[in-house]
Amino acid sequence: MVSATTTLLSSSNPMFSTDQTIPKSFTGLCKPFHSRVPTSIPFHCRRPTFFVRATVTKWRCPTPKQTLPLNYDTGFHEKVLFLESIGIDSFSLIEKYPMLITASLANIKSTVEYMTSMDFTAIEFQRIVGMCPEILTTQVSDIIPVFTFLFREAHVRGSDIKRVINRRPRLLVCSVNKQLRPTLYFLQSIGIEEVNKHTNLLSCSVEEKLIPRINYLENIGFSRRDATSMFRRFPQLFCYSIKNNLEPKYNYFVVEMGRDLKELKEFPQYFSFSLENRIKLRHKLCVEMGVCFPLPVLLRTSEVIFRNRLDVCVNSSTPLKTSPLWGTGCDYDQV
């Protein structure tokens with residue numbers, strides 16, 4: 001068995017020749033994963049055939065939602081070896097995304113070659129696949145329009161394209177016509193002009209994610225105009241969960257802090273701070289000291305600056321919320 005495996009994986013075999021299967025920019029940068037293979041078996045830095053077959057057998061009974069052809073294990077060995085040759089732990093990836101079994105090796109190679117041509121390194125591609133394994137089952141003909149859209153319509157600069165994709169790999173598997181373009185138009189319709197600075201939002205569903213968050217702000221007392229103004233002022237507000245972020249922070253703001261909604265309208269970044277580690281701690285400290293700071297000073301300033309201002313207020317005179325000096329001298333940009 002070992003000799004057969006050695007023959008199968010031999011560098012002399014043209015099917016697995018490094019020069020023919022691995023993009024030049026990937027060569028030498030990646031190491032195959034073999035932590036799950038018994039170390040007593042000499043497999044020449046590759047998983048032996050029996051281990052590959054065991055994995056194929058494991059996925060012979062997919063869930064009802066997965067439809068795999070009867071000959072899905074054809075070429076599976078080659079796919080595993082190619083993925084690991086570029087540093088991707090194929091077995092962990094298949095466990096996470098079983099439909100990779102049905103992916104065409106030719107399509108996978110085309111995707112890797114195209115991403116290489118876009119100057120993505122091996123490490124960057126490994127991370128992209130880890131975050132969005134669906135890219136390996138997406139044809140290059142569907143990926144190219146995404147880059148074209150980002151350049152021409154979202155106005156992403158060429159120097160920023162890698163940062164955009166590395167930050168949100170799922171953009172590459174989104175339909176331009178059904179997902180990206182409608183979201184772009186919606187963001188622009190509410191006044192967000194520089195969408196190229198918030199490209200991660202383009203992969204969000206308008207109906208399922210963006211509109212429900214605007215509706216939530218309306219339900220808690222903001223007008224439609226004020227709600228859209230908050231998202232225009234702080235677009236990342238769209239990324240926060242209503243149940244786990246917006247709702248608990250809003251309840252604390254109203255019930256415990258007793259503040260006015262006008263402050264949230266002017267400082268929607270309030271929702272970006274940790275409720276337990278920042279908002280509650282600083283609010284309770286201010287209550288104990290009898291001090292009331294505007295939200296930017298309360299939350300945005302660094303711990304040192306916040307403590308210094310607190311000491312100044314306590315050791316001199318307590319600023320009242322009705323005092324014209326209440327917000328004087330606040331450097332909102334300091335963190």
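Here are the numbers for the structure shown:
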{"read-out": "Enumeration of residues in segment 257-277 that are assigned to a helix (DSSP H, G or I) and either open to solvent by 50 Å² or more (accessible area, probe 1.4 Å) or not hydrophobic (A, V, I, L, M, F, W, C) (or both)", "value": "Lys262, Glu263, Lys265, Glu266, Pro268, Gln269, Tyr270, Ser272, Glu276, Asn277"}
{"read-out": "Residue within segment 70-81 that is open to solvent by less than 50 Å² (accessible area, probe 1.4 Å) and under 24 Å from the mean Cα position of the chain (by Cα) present", "value": "no"}
{"read-out": "Candidates Thr121, Thr116, filtered to the one that is closer than 20 Å to Ile161 by Cβ and either open to solvent by less than 50 Å² (accessible area, probe 1.4 Å) or among the charged types (D, E, K, R) (or both)", "value": "Thr116"}
{"read-out": "Residues of segment 216-256 that turn out to be closer than 24 Å to Arg168 by Cβ, open to solvent by 20 Å² or more (accessible area, probe 1.4 Å) and not charged (D, E, K, R), as a count", "value": "10"}
{"read-out": "Residue check, Leu172 part of a helix (DSSP H, G or I), surrounded by 19 or more Cβ atoms within 10 Å (Cβ to Cβ), touching a Ser or Thr at 6+ places or on another chain (Cβ under 9 Å) and modelled with pLDDT of 95 or more", "value": "yes"}
{"read-out": "Filtered residues of segment 128-150 (kept if open to solvent by 60 Å² or more (accessible area, probe 1.4 Å), assigned to a helix (DSSP H, G or I) and touching a helix residue (DSSP H, G or I) at 6+ places or on another chain (Cβ under 7 Å))", "value": "Met131"}
{"read-out": "Looking only at segment 139-163, and only at residues there that are under 18 Å from the mean Cα position of the chain (by Cα) and of a type outside the set (A, V, I, L, M), the one that is nearest to Thr183 (Cα to Cα)", "value": "Phe147"}
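The values are calculated or read from the model by the stated rules, or taken from the named source; none is laboratory data. Predicted model only: the values in this text are computed from it and were never measured. A quick note on method: Cβ atoms are made from the backbone with ideal geometry, for glycine too, and the neighbour counts reach across all protein chains shown. With ligands, DNA and RNA removed, areas are computed over all heavy atoms of the protein, side chains included. Shrake-Rupley method; radii C 1.70, N 1.55, O 1.52, S 1.80 Å.
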